[in-house]
Amino acid sequence: VRSFKTEATTPPRIPEFAFAFDIDGVLVRSSDPLPRAHQALSYLQSNQIPFIFLTNGGGKHESERVADLSAKLDIPLSTSMFVQSHTPFADMNEYKDKTVMVVGGDEDRCRVVAEKYGFKTVVTPGDILAAYPDVWPFSQQLLPYYKNFTRALPAPIDPSSPSTSLKIDAVFVYNDPRDWGLDTQIIKDVLLSHAGILGTLSSKNGDASLPNKGYQQDGQPPLYFSNPDLLWAAKYHLPRLGQGGFREALEGVWAAITGGPDAGVKLQKIVMGKPHRPTYEFAEKRLITHRRELFKHFESDGRLGQLKRVYMVGDNPESDILGGNSYESPHGTDWASVLVQTGVYVEGTEPAHKPKQIVGDVLDAVEWAVGQEG
Ligand code: G3P
Ligand code: MG
C-alpha cells in the first residue's frame, strides 16, 4: 500500500467528499479490530475528511456502541457519526405511548435501548416466557437465564377477557434473536391473533374472501425488521447467519401455517437497514449534519460547499454495495461503493452487485478514494 501522509494538516480547502463506513467486516470482526482500521480513520481525522458509520448491527444504545468502537479502534468518535440498524426506530414517535414488543439482542439490552429512545411500554418474548412458561415448551432450560432480566407483563394473557389482556401495538426486531424458537413462536402468536391480543386467534385467518386470505387483516400490529442481512462477517472465517436468516426462518413457518406466497398469503412486514433507501436517506442526513458541525466555523463565512460525493465502504455486496449503488440522493450527492475483501465478500469471486472499486482493506479504500478526489 502506498503510504501517505497521516500527520495532521489543515485542509487546503474543505473536502467536498466524505465516507460512510460499514463496521462488521470492514473495521472489526466481532470484537477484534481489523489491522489497518485505526490508520485509515486517523488519517481521515487528521485531514478533516468527514465520515460516519453505517451498520446493520445493533443491540446496544448508540452511545454504548460508539464508546466500544472508539476504544477498539483507539479513535475519538461521537454518536453523531453513528447510524446502526435500529437508530431510525428512535423517530417512530407514533408508538412511544403504546405497547411495543422488542425482539433480539443480549438479555434485555434492546428493551433498554427502546426505553432510551422514549418507548414507554416495552415487552419482550422473554417476559412472556417467564410469565407463561408453557407458551414455548422448548426453552424451559433457559428460564434461569431469562429470570435474570425479564419484567412483569403490563397486562395478563387472558383470552377470556380480551379487553384487559396483553395487546401488542407494534413488533420491532432490533437485533439478531438469540432464541429463534421462542421469538418465532411469539411473533407468530401476535400475527395470528385478533388485533394483537396475545392468547387469541383471529377469526379472519384463512378467509379466502378477504385480502391476504384474512391473515394480518384483523388489526394485528406491524412487524419491523431492522436488518436484512442473511449473512455477516463475524470472527469465524466463514460468514454467519444474520437477522435476515431469522426472518427467512420465520417466513418458512408463516408459509407452512398460512400457505404463504404460493397461496397468496404474503407475510406483511417492513424491512429496514442497508440496502434499503430509508436507511441511506437517514444516514446521509446524519453525515450532512456531522460535516456541517465539523466545519461550522466555515459555514458562517459561506465557505462550506455542497457535499458532492460519499464513498460507501463495505464488505457485503447485498447490503453495502447494492445500497450504495442504488441510493439516489435528494441532495444530488453521488454515492460511490467500495468493496473490501476483509469480510463477507470473497476475493476473486464476482460480486452479486458491482462496486465502483474492489480493494484489499479499509485503508486501501481510503487511499483509493482520496486519490480519486485529487
Ligand atoms: O448484525 C450485524 C451484521 O448484520 C452486519 O453488520 O456492520 O456489516 O452492516 P454490518
Ligand atoms: Mg459488514
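The values are calculated or read from the model by the stated rules, or taken from the named source; none is laboratory data. Please read all numbers here as calculations on a predicted model, not as lab measurements. Cβ sites come from the backbone with ideal geometry, for glycine too, and all protein chains shown count toward neighbours. Surface accessibility is based on the protein's heavy atoms, side chains included, excluding ligands, DNA and RNA. Shrake-Rupley method; radii C 1.70, N 1.55, O 1.52, S 1.80 Å.
Given the conditions (1) in contact (Cβ under 8 Å) with a residue 60 or more places away in the chain; (2) within 20 Å of the chain's Cα centre (by Cα); (3) away from ligand 1 (no atom under 16 Å from the Cβ), and given that residue 111 satisfies all but one, which numbered condition is not satisfied?
Of (1) in contact (Cβ under 8 Å) with a residue 60 or more places away in the chain; (2) within 20 Å of the chain's Cα centre (by Cα); (3) away from ligand 1 (no atom under 16 Å from the Cβ), only one is false for residue 111: (1).
How do the strands (runs of 3 or more DSSP E) wholly within the stretch 280-365 filter down when requiring 3 or more residues that are within 21 Å of residue 82 (Cα to Cα): which remain?
Output list reads 309-314, 334-340.
Go through (1) out of contact with any strand residue (DSSP E or B) (no Cβ under 9 Å at 6 or more places or on another chain); (2) of a type outside the set (Asp, Glu); (3) open to solvent by less than 20 Å² (accessible area, probe 1.4 Å) one by one and return the number of the condition residue 352 breaks.
Exception for residue 352: condition (3).
Does at least one position in the stretch 246-266 carry a residue that is open to solvent by 70 Å² or more (accessible area, probe 1.4 Å), among the aliphatic types (A, V, I, L, M) and either under 30 Å from residue 339 (Cα atoms) or away from ligand 1 (no atom under 13 Å from the Cβ) (or both)?
The answer is yes, given that some residue of the stretch 246-266 is open to solvent by 70 Å² or more (accessible area, probe 1.4 Å), among the aliphatic types (A, V, I, L, M) and either under 30 Å from residue 339 (Cα atoms) or away from ligand 1 (no atom under 13 Å from the Cβ) (or both).
Being out of contact with any Gly (no Cβ under 7 Å at 6 or more places or on another chain), over 30 Å from residue 94 (Cβ atoms) and of a type outside the set (Gly, Ala, Ser) is the filter here, so list the residues in the stretch 218-263 that pass it.
Answer for the stretch 218-263, where residues must be out of contact with any Gly (no Cβ under 7 Å at 6 or more places or on another chain), over 30 Å from residue 94 (Cβ atoms) and of a type outside the set (Gly, Ala, Ser): 235, 236, 237, 238, 239, 240, 241, 262.
Go through the stretch 40-51 residue by residue and tally those that are closer than 18 Å to residue 312 by Cα, crowded, with 18+ Cβ neighbours inside 10 Å and over 26 Å from the mean Cα position of the chain (by Cα).
Total meeting the criteria: 1.
For the stretch 301-320, enumerate the residues that are in contact (Cβ under 8 Å) with a residue 40 or more places away in the chain and within 16 Å of ligand 2 (Cβ to nearest atom).
311, 312, 313, 314, 315, 316, 318, 319, 320
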